[in-house]
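Here the structure is laid out as structure tokens; the discussion comes afterwards.
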Amino acid sequence: MSRCGQSNDFQEIDEVSRLVSHKLAAFLRTLREAGFAIGLAEGQDAASTIAAGYAARPQLLRSALKHLFSARKSDWDKFDGIFDAFWLGRRVRSRAVVAGAAKPSNNPSLKSFGDTGATQGASSSATDQVPSSDDAPDSRGGEGRMEGASRAENLAEVDFRKFADPEQVADAHEAAALLARAMRTRLTRRDLLRRRGERLDLRRTIHKNISHGGVPIALARRRRKDKPLRLVVLLDASGSMSMYTSVFLRFIHGVLDEFREAEAFLFHTRLAYVSSAMKERDAGRALDRLSLLAQGAGGGTKIGESLQTFNRHHAARVLHSRTCVMIVSDGYETGDAALLGREMAALARRCRRIVWLNPMAGWAGYAPEAKGIKAALPHVDLYAPANTLKSLAALEPYLARL
Amino acid sequence: MKDRDEIAHALAASGYIADGELATAISLMQLLKRPLLLEGAAGVGKTEVAKALAKVHATDLIRLQCYEGLDQSSALYEWNYQRQLLAIQAHHGKDADSIEDQIFSEKYLLERPLLAAIRRQKPPVLLIDEIDRADDEFEAFLLELLSDFQVSVPELGTIAATTIPHVVLTSNGTRELSDALRRRCLYHYVDYPDVDREARIIMARIDGASASLSLQIARMVAGIRKEELRKVPGVAETLDWAAALVGLDVLDLHDVPELVHETLMCLVKTHEDKSRLTREVSDRLLGKVA
């Protein structure tokens, strides 16, 4: 192997290990800021790795620490850059800093949401006790679905873009989060009711009845294991959607929090995997992290290319047979509409349902004329407006049937 | 067995052509006593790493293939119920305590891979294959085993490990693994080999594959991987194809473009990909192969 051998230059060893012991703690901090999950144990292991002579040469140390600190492909890919920037002072530094520092971006939609999110982050207990009134605008026999979301009534039918003052926006966010939670409970309940088909487990039955001398009195059965529904949300964060992005982000944050299995992606001109950022408990902080991931928004929307990235790199991991993919976008494709059609077909092959939510579909007089949405529609199972909380709530019975 | 160079040589001697970083990973495994998590696309040789590691250490390979619904009784241990019942029937009339002592003894315990791995005299290589296919619950259980290396059997008591096995986990990425498991492990991403390494792999594995032919095959496969295929051919497919070509007495790919196209079925495994790799495409790719 090319990088091994002939490094008995003791002066170099001394120098590097001194450097290492001084800077290791700072390096760990840099890595943590860049999103690596590193605990105390890893720090100790790193120290013993260095003590065992792996610091002899930077190349070797980099390789060793890379194995130790990375936990997934994305870590693996960015580690070399961070390492080189930190230890060797190479030019990649700027990239590593961007990946690590939590600066709010200049993306207007996300930034403004980050602000409101921070103010309303912790306060949500007040509404829980207020019972919802009987003639709620959304009353398809859904008793108890809107549990506690009383303020949602007066907001339910208002288009998101008409929300003006911060307080109203905060209310909408809260309602979206509650809605996500209510959808989760409902889905779980239905799941349990549908379980059927029990078969006898002979092995277990014998085991269970050893105390009866082998006479099968107590029977053991096995039941089908249901895969929980998985929801994958792809949210368009481009400029044309900016009026709606914030409410949907809050909704997605709620969904990720409450669904056992959910993943989220953002796209504009490229695709970003945001589940880990969204899993931050505090909505305000989650949004801070998101504004970072959404950098580069505002230069058109490449839905086709983003879907291609999704199909190629993420689909195998996040999709299974009980997955519903929810695309939230206005369908204004600035890239190749034919590519979008092809990628939609590929996506449709892999998942159970595709729901396309288009906020503009709720506008009076809107028809799906954009060429992007025209190419995508044949592969979509449900095409629905999503410009009000009511229209979001209307999705729940559909999802429950999956 | 500490040095990276030695490990790289030993791996090569066992027929596994490793990249430099993998040797580092394996030496770290020994130093830090941590499991190694291998991720990568299907067919890049993740399982082979464990097999080669077993050869390097001259020890057994114990393999646990994960699947959905895998539970403790098929992964760890189970009582041999049939024999227990038989013993109860045979000793009918004796007092209950003596029968109980007897039927809950080692003799009636069925070892499954995980228990077997920690009770060997010489530390084996424990391969936990496709961990992403197992359920979350199993993953949590595995995590506990991998940190304590002891198993408690309620009827027998705690069984501590006599040796700590070399643990290799592989994942295809069909499910996101938990952060806890990832943190517990060293991580190595196995990528498709570059042309040079793939050629050396072919030469090491296929008898009668000349250096020039191996290089041609590797280049051709590298070209095919760049095409937009649904199923990208892995190293195993490359080896199949190389074996087919050697078996057909091919010495140079350029001599037999027709045969090259016809044998591509070793590499592409779906109808869609097959129809995408037309004769024109395969000729174009072949043209790029020096």
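Please find, among B:D5, B:D19, the residue that is among the acidic types (D, E), within 14 Å of another protein chain (Cβ to nearest Cβ) and without any contact (Cβ under 8 Å) to a residue 24 or more places away in the chain. Explain how you work it out, then say what you get.
Values: B:D19 fails: without any contact (Cβ under 8 Å) to a residue 24 or more places away in the chain.
Step by step, each of B:D5, B:D19 is checked, and only B:D5 is among the acidic types (D, E), within 14 Å of another protein chain (Cβ to nearest Cβ) and without any contact (Cβ under 8 Å) to a residue 24 or more places away in the chain.
When you scan the stretch B:1-100 for strands (runs of 3 or more DSSP E) that lie fully inside it, which ones turn up with 2 or more residues that are among the hydrophobic types (A, V, I, L, M, F, W, C) and over 20 Å from A:A64 (Cα atoms)? Spell out how you get there, then give the answer.
Numbers: elements: B:36-39, B:61-65, B:77-79.
Once the strands (runs of 3 or more DSSP E) in the stretch B:1-100 are filtered for at least 2 residues that are among the hydrophobic types (A, V, I, L, M, F, W, C) and over 20 Å from A:A64 (Cα atoms), what remains is B:61-65.
The combined condition, being farther than 28 Å from B:L109 by Cβ, within 19 Å of the chain's Cα centre (by Cα), touching a residue at least 24 places away in the same chain (Cβ under 8 Å) and assigned by TED's automatic domain parsing to the domain that holds B:T158, is not fulfilled by B:L70.
Search the stretch B:84-130 for residues being touching a residue at least 60 places away in the same chain (Cβ under 8 Å) and among the charged types (D, E, K, R), and hand back the single one that is farthest from the other protein chains (Cβ to nearest Cβ). Walk me through how you get there before you give the answer.
First, the residues of the stretch B:84-130 that are touching a residue at least 60 places away in the same chain (Cβ under 8 Å): B:120, B:122-130.
Next cut, among the charged types (D, E, K, R) only: B:120, B:122, B:129-130.
Details: B:R120: 26, B:K122: 23, B:D129: 17, B:E130: 13 Å.
That would be B:R120.
Here A:R350 fulfils each of the conditions (1) surrounded by fewer than 19 Cβ atoms within 10 Å (Cβ to Cβ); (2) touching a residue at least 60 places away in the same chain (Cβ under 8 Å) apart from (2).
Yes/no per residue for (1) within 23 Å of B:L169 (Cα to Cα); (2) hydroxyl-bearing (S, T, Y); (3) at pLDDT 85 or above:
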residue	(1), (2), (3)
B:M1	yes, no, no
B:L31	yes, no, yes
B:L37	yes, no, yes
B:R83	no, no, yes
B:K94	no, no, no
B:R112	yes, no, yes
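B:G40 satisfies every condition listed in (1) crowded, with 21+ Cβ neighbours inside 10 Å; (2) touching an Asp or Glu at 6+ places or on another chain (Cβ under 8 Å) except (1). Based on this model, can you work out whether A:A386 counts as closer than 26 Å to B:E272 by Cα, surrounded by 22 or more Cβ atoms within 10 Å (Cβ to Cβ) and modelled with pLDDT of 75 or more? Spelling it out, it is not the case that A:A386 is closer than 26 Å to B:E272 by Cα, surrounded by 22 or more Cβ atoms within 10 Å (Cβ to Cβ) and modelled with pLDDT of 75 or more. Within the stretch A:30-57, residues that are at positive phi and more than 8 Å from chain B (Cβ to nearest Cβ) have Cβ atoms under 8 Å from residues that are of a type in the set (S, T, Y) and assigned to a loop (DSSP other than H, G, I, E, B) in no pair, counting only partners at least 6 apart in sequence or on another chain.
Residue selection: A:G284 satisfies the criterion of being surrounded by fewer than 23 Cβ atoms within 10 Å (Cβ to Cβ), modelled with pLDDT under 80 and in contact with a helix residue (DSSP H, G or I) (Cβ under 6 Å, 6 or more places away or on another chain).
Is there a residue being of a type in the set (D, E, K, R), within 11 Å of another protein chain (Cβ to nearest Cβ) and in contact with a strand residue (DSSP E or B) (Cβ under 8 Å, 6 or more places away or on another chain) anywhere in the stretch B:131-143? For the stretch B:131-143, residues of a type in the set (D, E, K, R), within 11 Å of another protein chain (Cβ to nearest Cβ) and in contact with a strand residue (DSSP E or B) (Cβ under 8 Å, 6 or more places away or on another chain): present. When B:S147, B:S152 are screened for being closer than 28 Å to B:G40 by Cβ, of a type in the set (S, T, Y) and in the same structural domain as B:I17 (by TED's automatic domain parsing), only B:S147 passes. The condition (being exposed (fewer than 15 other Cβ atoms within 10 Å of the Cβ) and either modelled with pLDDT under 65 or out of contact with any Lys or Arg (no Cβ under 7 Å at 6 or more places or on another chain) (or both)) is satisfied by just one residue among A:R57, A:R29, A:R62: A:R29. Would you check which residues across the stretch B:21-37 are buried (at least 17 other Cβ atoms within 10 Å of the Cβ) and either touching a Lys or Arg at 6+ places or on another chain (Cβ under 7 Å) or of a type in the set (K, R) (or both) and list them? Listed by number, the residues that qualify are B:A23, B:T24, B:S27, B:R34, B:P35, B:L37. Inclusion of A:M344 among residues that are modelled with pLDDT of 85 or more, within 17 Å of A:L395 (Cβ to Cβ), surrounded by 16 or more Cβ atoms within 10 Å (Cβ to Cβ) and of a type in the set (A, V, I, L, M, F, W, C) is not warranted.
The residues on offer are B:A58, B:A50, B:A75, and the sole one that is small (G, A, S), surrounded by fewer than 19 Cβ atoms within 10 Å (Cβ to Cβ) and more than 10 Å from every other protein chain (Cβ to nearest Cβ) is B:A58. Can you spot a residue in the stretch A:79-90 that is facing chain B (nearest Cβ under 10 Å) and outside any loop (DSSP other than H, G, I, E, B)? Yes, some residue in the stretch A:79-90 is facing chain B (nearest Cβ under 10 Å) and outside any loop (DSSP other than H, G, I, E, B).
The values are calculated or read from the model by the stated rules, or taken from the named source; none is laboratory data. Nothing here was measured: the structure is a model prediction, and the numbers come from that model. In this analysis, Cβ positions are derived from the backbone assuming ideal geometry, glycine residues included, and neighbour counts consider all displayed protein chains.
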